[in-house]
Amino acid sequence: MRDVIGITVDRALELPEIENLEIVAGKNGLDRKITKINIMEVPDIIDWVEEGEILFTTLYSISDDEEALKNLIPGLAEKKLAGLAVKPGRYVREIPEFMKVQADRYDLPLLEIPYEYSFSELINAILQEIVKVQTEFLEKTLKIHEELTDIALAHKGLKKLASQLSQRTGNPILFIDYSGEIMAESFPEEMREGLKREGFVRSARQEIIGEEDIDSFIGYYSEKEITIQNDKFKQFKLPIKSGKNNFGFLYTWEIYSSINLLEINTLEWAATIAVLDILNRKELAEVKRRYKNELLHDIIEGEITDKETMLKRIEHMGLDLQGERMVIIIDTKKIVNKYMMEEGLPYRESVQDRIYSVAQQESPENSVTCILGSYVVVIFPVTQKDFSNNREQVENYLQEIKLILPPEYFRHLKIGVGNRVSDVRRLQESFRQAERAVFVAEKFADDSDESGAFFYQNLGIYKLFYQVKDEDLNGFIENILQPLLDYDRENDSEMLKTLDAYFRTGGNLSEVADELYIHYNTVGYRMERIEKITGMDLDSPDDRLNLEIALKLNKIYARD
């Protein structure tokens, strides 16, 4: 009974008024907590008792009913009573032996009250002690609440709050947001040296990724056992929330000291006042982010042409854009729209904010992250001249993001990476390249690398398409593929799909047959029909090139 205030049975037996009561059975249950007192006056008392009560009785109402006597202790144990105090002598000469056996079996303290004792003096003594304990608890709680509230009002921050909580509970404290970013922590030095801190933080982050529903918590906190480096610990997790706004969680683990009701109360209050600090920080961060977004928008859109003005604004914002950079665009439009359709408008910002937060958290030092429309933009610092090495840096960064974000998120992100630039004024160029790569990613997602990214430098012929007018590209597609598109539409055939598979398999007809689940001879027939319909010769390098380019362009422009 962690969540109630009372006194244990063995503490009650230490009271001067109670000390002459004899514990005749159930000694293993002396740590049961007494929170209330009840007196048995009716035979069906089991229906009227509650958890934590100690029941006083002379057994008068069931003294002649052996079956009721045999059912009493099992029934009280099932209701989780603290104990049973029996006064024999008037209605039963002595406590039946079978009741003692039952009390030992259920670890339910069975006390024998001397005949000369009255219930009232025993009840008064126990109630006075319970009130005393409750008063002490409230006084301690108020004092702690004042200490923690003073921290919040003095704007000392979550770091100070975590430190104070760690001192109060004797255990490590972790404040963590929904993206897995640590907001504040307080771990003993010995845990850092033993690398156990990383184990606890990793465990918490993995839970955050699971997006546990706060409404599923029992009460205000969840409690469970976890294993870190083969050792088992009891974990306590409290949501940090205000109304429907969820900001993260407060974690602690029972390592050095047990967590009792006072500690739980302290943690709950800390989680509540943490909201004040978080809201204040979010407001300041939002203002800074807005100014940062405006600055980067002006740079990328070429609205600041004077380098000196640009550098002054960058310095004023406390940003570092020196050195060589590659612009990464993470397009959140698809996942944001998905959640907005399913969950409603409020989820738009929360989903994008989470992706932004993870992208910022995992980015290397001196990188700059911002939001521009549906884009999360990372101005990524690179240290190598060689593209393959820079590409590896970016891929490793994106893999870290992939590990933290829910798989559902990452599957719907489109990522483009621009070329390396060494002058801040050329960030616009790298941004446009990344944007083109995102455009291609939307059409050819299956061709991306394991990190899900398309690099502008690897776009090959796709780069040229941006130099040609749309009407010229559409004309090219129509001249080459329109006969095939018309044939498929009129005959409900798959000539276009077969041609696409032909190029993807390098012209291997056996692989085409396997991929499309058709006979080898059917593939040969279709290829002959394709040549006849299009007037193209697949043995001609020029015709093959035209067909393959037309297919790729058709994907981009989504022609039917």
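The values are calculated or read from the model by the stated rules, or taken from the named source; none is laboratory data. Please read all numbers here as calculations on a predicted model, not as lab measurements. Positions of Cβ are generated from backbone atoms using ideal geometry, with glycine treated the same way; all protein chains shown enter the neighbour counts.
Of all residues being more than 38 Å from the chain's Cα centre (by Cα) and among the aliphatic types (A, V, I, L, M) in region 115-149, which is surrounded by the fewest Cβ atoms within 10 Å (Cβ to Cβ)? Just the residue, please.
Here is the first cut: in region 115-149, the ones more than 38 Å from the chain's Cα centre (by Cα) are 115-133, 135.
Now restrict to residues that are among the aliphatic types (A, V, I, L, M): 122-123, 125-127, 130-131, 133.
Details: L122: 22, I123: 17, A125: 16, I126: 24, L127: 13, I130: 19, V131: 11, V133: 17.
Checking each candidate, the answer is V131.
Can you name the residue in region 17-55 that is without any contact (Cβ under 8 Å) to a residue 12 or more places away in the chain and assigned to a loop (DSSP other than H, G, I, E, B) and is also nearest to N71 (Cα to Cα) among such residues? Don't jump to the end; show me each part of the working.
To start, the set of residues in region 17-55 that are without any contact (Cβ under 8 Å) to a residue 12 or more places away in the chain comprises 19, 44, 47-48.
Right, trim to assigned to a loop (DSSP other than H, G, I, E, B) and you get 19, 44.
Working: E19: 28, D44: 10 Å.
Once the filter is applied, the top-ranked residue is D44.
Scan region 511-528 for residues that are surrounded by fewer than 19 Cβ atoms within 10 Å (Cβ to Cβ), without any contact (Cβ under 8 Å) to a residue 12 or more places away in the chain and over 16 Å from L547 (Cβ atoms) and report the count. Steps first, please.
Quick first cut of region 511-528, residues surrounded by fewer than 19 Cβ atoms within 10 Å (Cβ to Cβ) only: 511, 514-522, 524-525, 527-528.
Those still in the list that are without any contact (Cβ under 8 Å) to a residue 12 or more places away in the chain too: 511, 514, 517-522, 525, 528.
Filter again for over 16 Å from L547 (Cβ atoms), leaving 511, 514, 517-522, 525.
Within region 511-528, residues that are surrounded by fewer than 19 Cβ atoms within 10 Å (Cβ to Cβ), without any contact (Cβ under 8 Å) to a residue 12 or more places away in the chain and over 16 Å from L547 (Cβ atoms) number 9.
Restricting to region 377-389, name every residue that is more than 28 Å from the chain's Cα centre (by Cα) and either outside any helix (DSSP H, G or I) or under 13 Å from V327 (Cβ atoms) (or both). Give the steps one after another, and end with the answer.
Filtering region 377-389 for residues more than 28 Å from the chain's Cα centre (by Cα) gives 381-389.
If the condition is that a residue be more than 28 Å from the chain's Cα centre (by Cα) and either outside any helix (DSSP H, G or I) or under 13 Å from V327 (Cβ atoms) (or both), then P381, V382, T383, Q384, K385, D386 are the ones that fit.
Can you confirm whether L84 is buried (at least 22 other Cβ atoms within 10 Å of the Cβ), touching a residue at least 60 places away in the same chain (Cβ under 8 Å), in contact with a strand residue (DSSP E or B) (Cβ under 6 Å, 6 or more places away or on another chain) and not in a helix (DSSP H, G or I)?
no
Could you pull out the residue among K232, K237, K282, K224 that is crowded, with 17+ Cβ neighbours inside 10 Å and either of a type in the set (K, R) or outside the structural domain of V201 (by TED's automatic domain parsing) (or both)? Break it down stepwise before answering.
Working: K232 fails: crowded, with 17+ Cβ neighbours inside 10 Å; K282 fails: crowded, with 17+ Cβ neighbours inside 10 Å; K224 fails: crowded, with 17+ Cβ neighbours inside 10 Å.
None of the other options fit; the residue is K237.
When you check A152 against the structure, is it of a type in the set (A, V, I, L, M, F, W, C), at pLDDT below 85 and surrounded by 18 or more Cβ atoms within 10 Å (Cβ to Cβ), yes or no? Lay out the reasoning, then the answer.
Numbers: of a type in the set (A, V, I, L, M, F, W, C): yes; at pLDDT below 85: yes; surrounded by 18 or more Cβ atoms within 10 Å (Cβ to Cβ): yes.
Yes: the conditions hold for A152.
Filter the strands (runs of 3 or more DSSP E) completely within region 227-339 down to those with at least 1 residues that are more than 27 Å from F175 (Cα to Cα) and at pLDDT 85 or above.
Numbers: elements: 231-242, 245-254, 325-331.
The strands (runs of 3 or more DSSP E) meeting that bar are 325-331.
Condition (residue is modelled with pLDDT of 90 or more and under 18 Å from V92 (Cβ atoms)) applied to region 2-18: is it met by at least one residue?
No, region 2-18 has no match at all.
Please determine, by comparing only the residues of region 471-488 that are closer than 20 Å to R529 by Cβ and among the charged types (D, E, K, R), which one is surrounded by the most Cβ atoms within 10 Å (Cβ to Cβ).
Ranking the qualifying residues of region 471-488, first place goes to D488.
Just to confirm my filter: which helices (runs of 4 or more DSSP H) fall fully inside region 468-560 and include at least 1 residues that are within 47 Å of the chain's Cα centre (by Cα)?
470-491, 495-504, 509-516, 541-557
Would it be correct to say that E22 is over 50 Å from the mean Cα position of the chain (by Cα), within 25 Å of Q134 (Cβ to Cβ) and either surrounded by fewer than 20 Cβ atoms within 10 Å (Cβ to Cβ) or among the acidic types (D, E) (or both)? Talk me through it step by step, then tell me what you get.
Numbers: over 50 Å from the mean Cα position of the chain (by Cα): yes; within 25 Å of Q134 (Cβ to Cβ): no; either surrounded by fewer than 20 Cβ atoms within 10 Å (Cβ to Cβ) or among the acidic types (D, E) (or both): yes.
Answer is no for this residue.
Are there strands (runs of 3 or more DSSP E) fully within region 94-199 with at least 3 residues that are farther than 30 Å from Q229 by Cβ? List them. First the steps, then the outcome.
Numbers: elements: 110-112, 173-177, 182-186.
Once the strands (runs of 3 or more DSSP E) in region 94-199 are filtered for at least 3 residues that are farther than 30 Å from Q229 by Cβ, what remains is 110-112.
Would you check if there is a residue in region 113-121 being touching a Gly at 6+ places or on another chain (Cβ under 7 Å) and among the hydroxyl-bearing types (S, T, Y)?
Pass one, region 113-121, residues touching a Gly at 6+ places or on another chain (Cβ under 7 Å): 115.
From the residues that got through so far, the ones that are among the hydroxyl-bearing types (S, T, Y) too are 115.
Yes, region 113-121 contains at least one residue that is touching a Gly at 6+ places or on another chain (Cβ under 7 Å) and among the hydroxyl-bearing types (S, T, Y).
Can you pull out every residue in region 69-81 that is part of a loop (DSSP other than H, G, I, E, B) and crowded, with 16+ Cβ neighbours inside 10 Å?
Residues satisfying the conditions are K79, L81.
Please specify each residue of region 87-103 satisfying the condition of being under 53 Å from the mean Cα position of the chain (by Cα) and surrounded by 16 or more Cβ atoms within 10 Å (Cβ to Cβ).
Within region 87-103, M99, K100, Q102, A103 qualify.
Taking the condition of being in a loop (DSSP other than H, G, I, E, B) and of a type outside the set (A, V, I, L, M, F, W, C), how many residues in region 390-435 meet it? Let's see the steps before the verdict.
Step one: filter region 390-435 for residues in a loop (DSSP other than H, G, I, E, B), giving 405-406, 412-413, 418-420, 422-423.
Add one more test, that the residue is of a type outside the set (A, V, I, L, M, F, W, C), and what stays is 406, 412, 418-420, 422-423.
Going through region 390-435 one residue at a time, the tally reaches 7.
Could you list, in sequence order, the residues of region 245-271 that are out of contact with any strand residue (DSSP E or B) (no Cβ under 7 Å at 6 or more places or on another chain) and under 16 Å from K156 (Cβ atoms)? Spell out how you get there, then give the answer.
Going through region 245-271, the residues out of contact with any strand residue (DSSP E or B) (no Cβ under 7 Å at 6 or more places or on another chain) turn out to be 245, 256-258, 260-266, 269.
Of everything in region 245-271, just one residue is out of contact with any strand residue (DSSP E or B) (no Cβ under 7 Å at 6 or more places or on another chain) and under 16 Å from K156 (Cβ atoms), namely W269.
Checking the conditions here, which among I314, I328, I299 is within 15 Å of V378 (Cα to Cα) and in contact with a Leu (Cβ under 6 Å, 6 or more places away or on another chain)? Break it down into steps so the answer makes sense when it comes.
Working: I314 fails: within 15 Å of V378 (Cα to Cα); I328 fails: in contact with a Leu (Cβ under 6 Å, 6 or more places away or on another chain).
After applying the criteria, what remains is I299.
Matching residues to (1) within 21 Å of I123 (Cα to Cα); (2) assigned by TED's automatic domain parsing to the domain that holds P96; (3) of a type in the set (F, W, Y); (4) surrounded by fewer than 18 Cβ atoms within 10 Å (Cβ to Cβ):
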| position | (1), (2), (3), (4) |
| --- | --- |
| E14 | yes, yes, no, yes |
| G29 | yes, yes, no, no |
| D44 | no, yes, no, yes |
| E67 | no, yes, no, yes |
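If you take the residues in region 282-296 that are touching a residue at least 40 places away in the same chain (Cβ under 8 Å) and under 14 Å from L321 (Cβ atoms), which one is farthest from the chain's Cα centre (by Cα)? First the steps, then the outcome.
From region 282-296, those touching a residue at least 40 places away in the same chain (Cβ under 8 Å) are 289, 292-293, 296; that's our starting set.
Those left that are additionally under 14 Å from L321 (Cβ atoms): 292, 296.
Numbers: K292: 27, L296: 30 Å.
Here the answer is L296.
Rundown of residues vs (1) over 25 Å from E442 (Cα atoms); (2) not hydroxyl-bearing (S, T, Y), yes/no style:
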position	(1), (2)
L481	no, yes
L496	no, yes
T505	no, no
Y517	yes, no
G524	yes, yes
E531	yes, yes
D542	yes, yes
L547	no, yes
